[in-house]
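Worksheet for the structure shown next.
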Amino acid sequence: MNPSDVDIVLEQVRKALNQEDWNRAVSLVEALRPPDQADVFGELPPGAQDVLLPRLGVEDSADILEELEEDEAAEIAARLEPEDLAQILDEMEPDEAADLLGDIAPEHAAEVLAAMEEPEEIRPLLVHADESAGGLMTSVKVTLHKDMTVEQAFAHLRTSELEPRTTYYLFVVDTDVRLVGVVPLRRLVVAPLSADITSIMDTDVISVEANADQEEAARLMSRYDLLALPVVDGENHLLGLITHDDLVEVLEEEATEDIYRLGGLPEEQPHDAPVLSSLRTRLPWLALNLGTAMVSGAVLKAFEDTIAQVAVLAMFFPVVAGVSGSAGTQALTVTVRGLSLGELDPRDGFRSLGREVTIGLVNGLAVGVLVALIALALGGAPVLGVVVGVATLLNMIGAGIAGAVVPVIMQVSKVDPALSSPILVTTITDACGYLFYLGLATLVLASLI
């Protein structure tokens with residue numbers, strides 16, 4: 001459905017609710033697909049949501065809470081009675097239900113669990129951190145035993161509750177529920193009925209431990225083109241699995257997080273976030289940026305006599321710092337991306353450093369010559385052109401080094417490089433740019449006056 005069509009339905013639902021035509025409002029929402037249901041429902045005020053949700057079917061309510069953003073779903077769930085929320089959670093996927101329970105008050109969550117019909121599928125999922133592989137996994141409803149034949153496996157599948165999104169692979173376990181193999185569903189279908197499961201299974205199973213970061217799970221699924229990834233504990237007991245739709249969500253979350261952090265925001269900021277919330281998030285980092293900018297100010301202060309004697313030097317401050325800052329940002333972006341995707345290991349720092357120094361040198365020569373010619377044309381003094389050009393060259397090399405080294409150091413120090421590196425790289429390129437530029441100008445001051 002197009003966004004414009006969703007807007008039309010939204011207005012119709014609002015009109016029906018205003019007229020207290022509950023049946024009309026329910027039928028409009030139930031006629032939509034789950035993502036569109038969530039879009040319409042999320043735009044309604046809390047009072048209208050509280051009136052409409054109990055009148056929807058339990059399955060539709062579950063679909064809506066699954067599709068809504070986590071904070072929106074948690075707000076709605078917090079307003080529901082434990083018994084009502086328990087009915088909805090029983091219809092949700094176990095991993096989605098566990099995530100929602102983890103976002104509401106512990107006391108409320110405990111009451112909801114007590115009221116659920118099948119809490120045993122969700123309880124094991126609640127013990128893992130949200131951003132770990134265990135926090136991302138869902139329960140495995142169907143497994144095969146290594147002592148089964150293909151015929152016994154089919155009989156087992158006929159009496160099991162199969163989930164379309166989790167049966168691409170059938171995982172094989174032993175009597176201690178240790179993961180010993182995997183059988184693609186297609187291979188099982190074409191195998192002779194008398195064949196043993198051990199004869200058709202793959203024993204080299206790619207898995208991830210429950211305490212691993214969700215990014216590691218996403219990298220494994222992407223690298224090996226997996227539709228599902230088993231999650232195990234330290235002794236290889238099968239705990240659950242991660243499906244491909246969870247992978248998409250992780251990649252979206254991590255990409256969004258990195259974009260915000262490269263912009264100096266430690267957490268996601270929706271466009272309609274309250275002003276006070278935005279201020280609490282942004283102002284501390286702006287204050288920190290102000291403090292680091294004072295480093296550049298201190299460099300300028302140290303050379304105030306040189307600036308006073310050759311005022312034309314001030315014309316090229318933005319050129320030296322700005323061009324080099326762009327070079328530093330380019331190197332920083334490439335390095336942070338490599339670290340976040342696992343393509344770059346901190347041990348590869350020297351290789352990355354050499355690459356960025358080479359790029360900075362070549363770019364610095366090209367841009368430095370161009371800047372020198374511009375300075376010569378505008379400033380008139382050949383020495384000034386040389387000073388500006390050489391300073392730009394040196395600073396672009398320094399920017400490449402900073403963009404490659406700073407995020408690696410942050411990663412080794414267990415600090416998020418996407419959040420902390422931009423401020424440090426900007427400070428280094430600005431301060432070094434002014435230092436190179438004004439230092440060289442001071443050395444040849446007599447020729448500039």
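The values are calculated or read from the model by the stated rules, or taken from the named source; none is laboratory data. This is a predicted model, so every value here is computed, not measured. Every residue, glycine among them, receives a Cβ derived from its backbone with ideal geometry; neighbour counts consider all protein chains shown.
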Quiz item: Being among the hydroxyl-bearing types (Ser, Thr, Tyr), at pLDDT 80 or above and more than 27 Å from Ala302 (Cα to Cα), is that true of even one residue in segment 390-411?
Solution: no
Self-check item: Residue satisfying all of: in segment 181-204; closer than 16 Å to Tyr168 by Cβ and in a helix (DSSP H, G or I); nearest to the chain's Cα centre (by Cα) among these
Solution: Leu185
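Please indicate, with yes or no, whether at least one residue in segment 104-117 is in the same structural domain as Asp71 (by TED's automatic domain parsing), in contact with a strand residue (DSSP E or B) (Cβ under 9 Å, 6 or more places away or on another chain) and surrounded by 14 or more Cβ atoms within 10 Å (Cβ to Cβ). Don't jump to the end; show me each part of the working.
Kept after step one, since they are in the same structural domain as Asp71 (by TED's automatic domain parsing), are these residues of segment 104-117: 104-117.
Of the ones still in play, those that are also in contact with a strand residue (DSSP E or B) (Cβ under 9 Å, 6 or more places away or on another chain) are none.
No: segment 104-117 contains no residue that is in the same structural domain as Asp71 (by TED's automatic domain parsing), in contact with a strand residue (DSSP E or B) (Cβ under 9 Å, 6 or more places away or on another chain) and surrounded by 14 or more Cβ atoms within 10 Å (Cβ to Cβ).
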Self-check item: Subset of segment 37-59 [crowded, with 19+ Cβ neighbours inside 10 Å, part of a helix (DSSP H, G or I) and within 29 Å of the chain's Cα centre (by Cα)]
Solution: Gln37, Ala38, Asp39, Val40, Phe41
Exercise. Evaluate segment 353-376: report whether one residue or more is of a type in the set (D, E, K, R) and over 17 Å from Val323 (Cβ atoms).
Key: yes
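Sort through Phe171, Phe154 and tell me the only one that's among the aromatic types (Phe, Trp, Tyr) and either in a strand (DSSP E or B) or buried (at least 19 other Cβ atoms within 10 Å of the Cβ) (or both). Can you show your working first?
Details: Phe154 fails: either in a strand (DSSP E or B) or buried (at least 19 other Cβ atoms within 10 Å of the Cβ) (or both).
Only one candidate qualifies: Phe171.
Does Val369 count as under 26 Å from Leu313 (Cβ atoms) and hydrophobic (A, V, I, L, M, F, W, C)? Spell out the reasoning first.
On the way: under 26 Å from Leu313 (Cβ atoms): yes; hydrophobic (A, V, I, L, M, F, W, C): yes.
Against the criterion (under 26 Å from Leu313 (Cβ atoms) and hydrophobic (A, V, I, L, M, F, W, C)), Val369 qualifies.
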Quiz item: Yes or no: Ile423 at pLDDT 85 or above and in contact with a Leu (Cβ under 8 Å, 6 or more places away or on another chain)?
Solution: no
Practice problem: Kindly indicate whether Thr243 is farther than 22 Å from Arg123 by Cβ and of a type in the set (Val, Ile, Thr). | Solution: no
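Hey, does segment 122-135 have a residue that's of a type in the set (S, T, N, Q), outside the structural domain of Val248 (by TED's automatic domain parsing) and either closer than 26 Å to Arg33 by Cβ or crowded, with 21+ Cβ neighbours inside 10 Å (or both)?
Start the filter on segment 122-135 by keeping residues that are of a type in the set (S, T, N, Q), which leaves 132.
Okay, now just the ones that are also outside the structural domain of Val248 (by TED's automatic domain parsing), so 132.
With the extra rule that they be either closer than 26 Å to Arg33 by Cβ or crowded, with 21+ Cβ neighbours inside 10 Å (or both), the set shrinks to none.
The answer is no, given that none of the residues of segment 122-135 is of a type in the set (S, T, N, Q), outside the structural domain of Val248 (by TED's automatic domain parsing) and either closer than 26 Å to Arg33 by Cβ or crowded, with 21+ Cβ neighbours inside 10 Å (or both).
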Quiz item: Residue check: is Gln49 over 21 Å from Ile104 (Cα atoms) and in the same structural domain as Ala105 (by TED's automatic domain parsing)?
Solution: no
Quiz prompt | Exclusive hit being at pLDDT 90 or above and closer than 24 Å to Glu91 by Cα, set Glu11, Glu75 | solution = Glu75
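For segment 366-449, which helices (runs of 4 or more DSSP H) that fit wholly inside it have 1 or more residues that are under 18 Å from Val334 (Cβ atoms)? Give the derivation first.
Values: elements: 382-412, 417-443, 445-448.
Fully inside segment 366-449 and qualifying: 382-412, 417-443.
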Quiz item: Between a first residue in segment 290-315 that is over 14 Å from Leu440 (Cα atoms) and a second residue that is part of a helix (DSSP H, G or I) and polar (S, T, N, Q), which pairs have beta carbons less than 8 Å apart while being 6 or more apart in sequence or on different chains?
Solution: Thr292/Thr426; Thr292/Thr427; Ala293/Thr427; Val295/Thr427; Ser296/Thr427
Quiz prompt | Residue match in segment 162-171 (condition: closer than 20 Å to Ala210 by Cβ, of a type outside the set (Ser, Thr, Tyr) and at pLDDT 90 or above) | solution = yes
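Give me a count of the residues in segment 307-332 that are polar (S, T, N, Q) and either crowded, with 18+ Cβ neighbours inside 10 Å or in contact with a Pro (Cβ under 9 Å, 6 or more places away or on another chain) (or both). I'd like the intermediate steps shown before the answer.
Here is the first cut: in segment 307-332, the residues polar (S, T, N, Q) are 309, 324, 326, 329-330.
Those still in the list that are either crowded, with 18+ Cβ neighbours inside 10 Å or in contact with a Pro (Cβ under 9 Å, 6 or more places away or on another chain) (or both) too: 324, 329.
Adding up the residues that qualify gives 2.
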Self-check item: Looking only at segment 210-234, and only at residues there that are modelled with pLDDT of 85 or more and acidic (Asp, Glu), the one that is surrounded by the most Cβ atoms within 10 Å (Cβ to Cβ)
Solution: Asp213
Quiz item: Taking the stated definitions as given, is Val205 closer than 26 Å to Glu67 by Cβ, of a type in the set (Val, Ile, Thr) and without any contact (Cβ under 8 Å) to a residue 60 or more places away in the chain?
Solution: no
